[in-house]
1. Between the alpha-carbon centers of segment 336-374 and segment 161-185, tell me the distance in whole angstrom.
2. Translational diffusion coefficient, Stokes-Einstein: compute it for segment 245-372 using the Kirkwood radius over C-alpha pairs as Rh, at 25 °C and 0.890 mPa s, and state it as an integer in µm² s⁻¹.
3. Could you give me the ³J(HN,Hα) list for segment 30-47, computed from phi with Karplus coefficients 6.51, -1.76, 1.60 and θ = phi - 60°, whole Hz, x at Gly and Pro?
4. Relative to the compact globular guide of 2.2 N^0.38 Å, what is the alpha carbon radius of gyration of segment 75-137, as a ratio?
5. Pairs on different chains or at least eight residues apart, Cα atoms closer than 22 Å: how many lysine pairs in the chain fit?
6. What residues have an amide H closer than 5 Å to that of ASN45, excluding those fewer than 5 places away on the same chain, when H is modeled at 1.01 Å from N in the peptide plane?
7. Please give the contour-minus-distance gain from TRP109 to SER336: 0.36 nm per residue of separation, less the Cα-Cα distance, rounded to one decimal in nm.
8. Direction-averaged shadow area of the convex hull around the Cα atoms of segment 1-95, nm²?
Amino acid sequence: MAAQALGRVDPATRAVVPPIHVATTYLRDPDNAYSSGFVYGRPDNATVRETEAVLAVLEEAEAGALLFGSGMAAATACFAALEPGDHVVASAVMYWALRNWLLTEATRWGLRVELVETDDLGKLEAAMRPGETKLVWIETPSNPLWTITDIAGAARIAHAAGARLAVDSTCASPYHTRPLGLGADIVMHAGTKILNGHSDVIAGVLAARQDDEYWARIKRVRASGGAILGPFEAYLLNRGLKTFYVRAAAQAASAMALAERFAAHPHVARVLYPGLPQHPGHAVAAGQMENGFGFMMSVQVRGGEGAAIGTAARVDLWKRATSLGGVESLVEHRASIEGPGTPCPPDLLRLSVGIEDPDDLARDLDAALASAHA
Ligand SMILES: *Cc1c(COP(=O)(O)O)cnc(C)c1O
């Protein structure tokens, strides 16, 4: 499905790579209709639709997928489609920029936002206000501690209270988890990350189980607010998706090997990776993830913040940069970028594992840890 972009060829030329449709406007028929279905480039675009079709298949999304200009544009559309006064419950540990947006912009618009540790379903259930809670937002595994929320359990709790469940599945990716099949209503991805995989596109994805009024409102939010992805970016994302499965497999295998290796390292206090049996979310992760546990992990460096920053300063092969999911491995002292109020411990380095030789990655990190502790 991904490797051949559903096997579609261009009907005009038989090209196996379809063209990029860049038109902003479309010819009207003499009878004043728009028989092609396209009118203007802000609500819809044929190249965007091609990529959306692939993503809908990968997520088993019966209602389809929508592409946005960024992961944040996709995520915030889910909240903009709610009503002022609606109550939403979200994971306390999640992508920092979205957490900040919920506590500032969403709150300014009148949404009542409550953050809870959704890895504890008892806490999620206690936070629900039946009839008032309209959306539960979870991220699993969640940045940057990789806590695991039970998707099927969260869906049951959300639905019992009359709310929908949306899952930020960026770090699981459809290679490991398909949240809609576990009962979620909406799945969101930063297409920027492993789906594109080459650190050269900013994009967001939503996919839905049911073509209902809420999904229709999200479509209107995208069309009227102008949040659609551009056709060149949609093309690049589709190109990235062709190698998604081989990249995701290699990155997950390397991440597992590195997690095991550094869990026993004398300069590492703790490795946070859901694939390790000692991780508190391991059992739930093993039940809802397949093909391994993803490409993201964190290490807590012995010696605290100074030793963590010192280690990041000394890597060579790993690149010191934010973001994740690309073919190149990245390391980041996460507390520095998240700032005050972060649940991220100061000794934590977040690692995004790429496709380089895992032994080279291990040697480079090992040398940086040794040098920082010398
Ligand atoms: C990067 C990221 C986002 C936001 O995506 P952008 O494309 O940067 O807007 C949201 N959630 C997670 C988990 C991410 O990693």
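The values are calculated or read from the model by the stated rules, or taken from the named source; none is laboratory data. Since the model is a prediction, treat every value here as computed from it, not as a measurement. A quick note on method: Cβ atoms are made from the backbone with ideal geometry, for glycine too, and the neighbour counts reach across all protein chains shown. These accessible areas exclude ligands, DNA and RNA; they are computed on the full protein's heavy atoms, side chains included. Shrake-Rupley method; radii C 1.70, N 1.55, O 1.52, S 1.80 Å.
1. 28 Å
2. Answer from the Stokes-Einstein relation: 168 µm²/s.
3. Values, residue by residue: x, 7, 6, 8, 10, 5, 6, x, 10, 10, 8, x, 6, x, 7, 7, 5, 5 Hz.
4. Values: Rg = 10.9 Å, N = 63, 2.2 N^0.38 = 10.6 Å.
In units of the globular-protein estimate, segment 75-137 measures up at 1.03.
5. Working: LYS123/LYS134; LYS134/LYS219; LYS193/LYS242; LYS193/LYS319.
Here the count comes out as 4.
6. none
7. Numbers: separation 227, 0.36 × 227 = 81.72 nm, distance 2.89 nm.
The TRP109-SER336 span can extend by a further 78.8 nm.
8. On the way: hull surface 38.9 nm².
Convex hull of Cα atoms, orientation-averaged projection: 9.7 nm².
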